[in-house]
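Heads up, the thing below is written out as structure tokens.
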Amino acid sequence: SQKIEQNSEALNIQEGKTATLTCNYTNYSPAYLQWYRQDPGRGPVFLLLIRENEKEKRKERLKVTFDTTLKQSLFHITASQPADSATYLCALDRTGGYNKLIFGAGTRLAVHP
Amino acid sequence: GAGVSQSPRYKVAKRGQDVALRCDPISGHVSLFWYQQALGQGPEFLTYFQNEAQLDKSGLPSDRFFAERPEGSVSTLKIQRTQQEDSAVYLCASSLRQSTDTQYFGPGTRLTVL
């Protein structure tokens with residue numbers, strides 16, 4: 001069955017450094033992949049979408065890469081700030097044509113001043 | 001404008017009770033999704049509506065779970081005879097159309113079954 005793996009251990013980094021989060025998937029070839037941010041007690045918030053024919057996408061301090069050969073996406077936050085501390089979720093589309101998503105468990109990021 | 005709202009935010013039920021969770025999507029959004037999120041996990045798909053039509057209910061864990069969206073706007077997720085394993089956060093999301101449109105999530109309803 002389709003499976004998404006994100007690093008279950010929290011990522012602790014120093015303010016100003018680049019945070020890199022990994023999303024690996026198996027048994028599937030998604031048409032696109034999305035990244036969401038989730039704060040405690042809140043619903044996920046959409047950040048970026050990257051399609052299978054795109055290698056890289058950027059938005060302000062965020063960068064996402066998508067390697068369909070390795071079945072992996074990397075999510076980077078440059079010049080990280082304490083306000084970036086949250087859980088980041090990776091999601092893949094499933095068949096159906098209506099953006100039915102399968103989510104990873106998320107990686108918690110803590111940026112320390 | 002207003003985002004997706006859900007009520008109640010917290011619900012405590014005794015095992016065996018029925019519960020109803022409400023979702024108010026963003027006005028005009030055609031697509032509506034329900035997800036279940038267990039502690040420390042990502043959201044898991046439950047069901048999908050396009051307007052009032054429930055096009056996919058493959059994620060509903062059992063026949064105790066029922067969802068409706070009778071007028072194509074507000075949606076209700078009902079759980080009958082709640083069990084302890086139903087304890088989770090139930091998230092609702094809406095999007096303008098389908099395809100790859102951004103899904104906007106509500107804050108969720110945290111259900112605790114004692």
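At a glance:
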quantity	calculated
Residue satisfying all of: in the stretch B:58-93; within 11 Å of chain A (Cβ to nearest Cβ) and touching a Leu at 6+ places or on another chain (Cβ under 8 Å); surrounded by the fewest Cβ atoms within 10 Å (Cβ to Cβ) among these	B:Gly59
Selection count, the stretch B:7-57, where residues are among the acidic types (Asp, Glu), farther than 17 Å from A:Gly43 by Cβ and more than 11 Å from every other protein chain (Cβ to nearest Cβ)	2
Criterion: touching a residue at least 60 places away in the same chain (Cβ under 8 Å) and crowded, with 21+ Cβ neighbours inside 10 Å - qualifying residue of B:Gly42, B:Gly28, B:Gly106	B:Gly106
Wholly within the stretch B:1-66, strands (runs of 3 or more DSSP E) carrying at least 1 residues that are of a type in the set (A, V, I, L, M, F, W, C) and farther than 27 Å from A:Ser8 by Cβ	B:10-13, B:19-24, B:31-37, B:44-50, B:53-56
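Each reported figure results from applying straightforward, stated rules to the coordinates on display, with no laboratory input. A quick note: this is a predicted structure, and the numbers were derived from the prediction, not measured. When we count neighbours, we look across all protein chains shown, and the Cβ atoms used for this are built from the backbone with ideal geometry, even at glycine.
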